[in-house]
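The values are calculated or read from the model by the stated rules, or taken from the named source; none is laboratory data. Computed from a predicted model, the values in this text were never measured in an experiment. No Cβ is skipped: glycine too gets one built from the backbone with ideal geometry, and neighbour counts run over all protein chains shown. What goes into the accessible areas is simple: the full protein's heavy atoms, side chains included, and nothing from ligands, DNA or RNA. Shrake-Rupley method; radii C 1.70, N 1.55, O 1.52, S 1.80 Å.
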Amino acid sequence: PNISTATGARRPDRVGPPQYLDPRNILTLTGGDGLPRAGNFYFDPGPGGMFVAPPNDRYGNSAPRIIRGPGRNNWNVSLMKDFGLRREATKLTFRADAFNIFNHAQFNNPSVSASSRDFGTISSAAPGRNLQMSLKLVF
């Protein structure tokens with residue numbers, strides 16, 4: 001996490017553990033800018049709950065990588081088959097690839113800037129299912 005202060009961007013002071021929430025629910029919480037806002041929060045960004053701005057004379061005590069992201073559940077599958085044609089030197093190859101075959105939502109990491117209005121929200125995801133097929137004739 002990071003925070004913008006009068007002396008520049010740096011790590012905030014950690015004052016409590018992250019309280020993870022279900023991002024499928026819309027909640028009204030106090031955002032990183034101190035204003036109430038409705039959104040799909042991944043963790044509670046409330047000021048003073050998890051992070052606070054450090055004093056101007058030192059850096060914050062938060063360690064890097066202390067906020068856990070949503071993780072990935074990604075399955076890729078490939079199917080390939082070679083077919084021999086009448087002439088021995090001629091071959092037809094079929095290939096099918098499926099990326100994220102079960103089409104699970106692959107959410108990216110939440111915003112970790114404690115002074116941002118989007119602090120604690122996830123605003124993007126990886127692509128959904130992708131299918132590709134090809135035929136190759138070798139002669």
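In the condition set (1) farther than 30 Å from Asn130 by Cβ; (2) modelled with pLDDT of 85 or more; (3) acidic (Asp, Glu), Asp82 is compliant with all but (1). In the stretch 70-109, the residue that is surrounded by the fewest Cβ atoms within 10 Å (Cβ to Cβ) out of those that are among the small types (Gly, Ala, Ser), touching a strand residue (DSSP E or B) at 6+ places or on another chain (Cβ under 7 Å) and under 30 Å from Tyr42 (Cα atoms) is Ala105. The residues of the stretch 1-17 that are in contact with a strand residue (DSSP E or B) (Cβ under 8 Å, 6 or more places away or on another chain) and among the hydrophobic types (A, V, I, L, M, F, W, C), listed by number, are Ile3, Ala9, Val15.
Yes/no per residue for (1) over 15 Å from Pro110 (Cα atoms); (2) not polar (S, T, N, Q):
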site	(1), (2)
Arg11	yes, yes
Gly16	yes, yes
Gln19	no, no
Ala63	yes, yes
Arg68	no, yes
Ala89	yes, yes
Phe99	yes, yes
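Going through Tyr20, Tyr42 one at a time, which residue ends up being in contact with a strand residue (DSSP E or B) (Cβ under 6 Å, 6 or more places away or on another chain), within 14 Å of Val112 (Cα to Cα), surrounded by 12 or more Cβ atoms within 10 Å (Cβ to Cβ) and aromatic (Phe, Trp, Tyr)? Exactly one of Tyr20, Tyr42 is in contact with a strand residue (DSSP E or B) (Cβ under 6 Å, 6 or more places away or on another chain), within 14 Å of Val112 (Cα to Cα), surrounded by 12 or more Cβ atoms within 10 Å (Cβ to Cβ) and aromatic (Phe, Trp, Tyr), namely Tyr20. State whether the residues of the stretch 56-68 include one that is over 26 Å from Gly8 (Cβ atoms) and either at pLDDT below 85 or surrounded by fewer than 16 Cβ atoms within 10 Å (Cβ to Cβ) (or both). Within the stretch 56-68, one or more residues are over 26 Å from Gly8 (Cβ atoms) and either at pLDDT below 85 or surrounded by fewer than 16 Cβ atoms within 10 Å (Cβ to Cβ) (or both).
Asn76 - would you say it is within 19 Å of the chain's Cα centre (by Cα), within 30 Å of Met133 (Cβ to Cβ) and not hydrophobic (A, V, I, L, M, F, W, C)?
yes
What number of residues in the stretch 23-39 are part of a loop (DSSP other than H, G, I, E, B) and either in contact with a helix residue (DSSP H, G or I) (Cβ under 7 Å, 6 or more places away or on another chain) or within 16 Å of Ala114 (Cβ to Cβ) (or both)?
The number of residues fulfilling the criteria is 5.
Summed over the stretch 1-38, the residues that are out of contact with any Phe, Trp or Tyr (no Cβ under 7 Å at 6 or more places or on another chain) and either small (Gly, Ala, Ser) or on the phi > 0 side of the Ramachandran plot (or both) give a count of 7. The set of residues in the stretch 21-61 that are over 23 Å from Phe107 (Cα atoms) and among the small types (Gly, Ala, Ser) comprises Gly34, Gly48, Gly49, Ala53, Gly60. For the stretch 72-87, the criterion of being of a type in the set (Asp, Glu), farther than 17 Å from Ser4 by Cα and out of contact with any Leu (no Cβ under 9 Å at 6 or more places or on another chain) is satisfied by no residue at all. For the stretch 110-139, taking the residues that are under 24 Å from Pro36 (Cβ atoms) and more than 16 Å from the chain's Cα centre (by Cα), the one that is least open to solvent (accessible area, probe 1.4 Å) is identified as Ala114.
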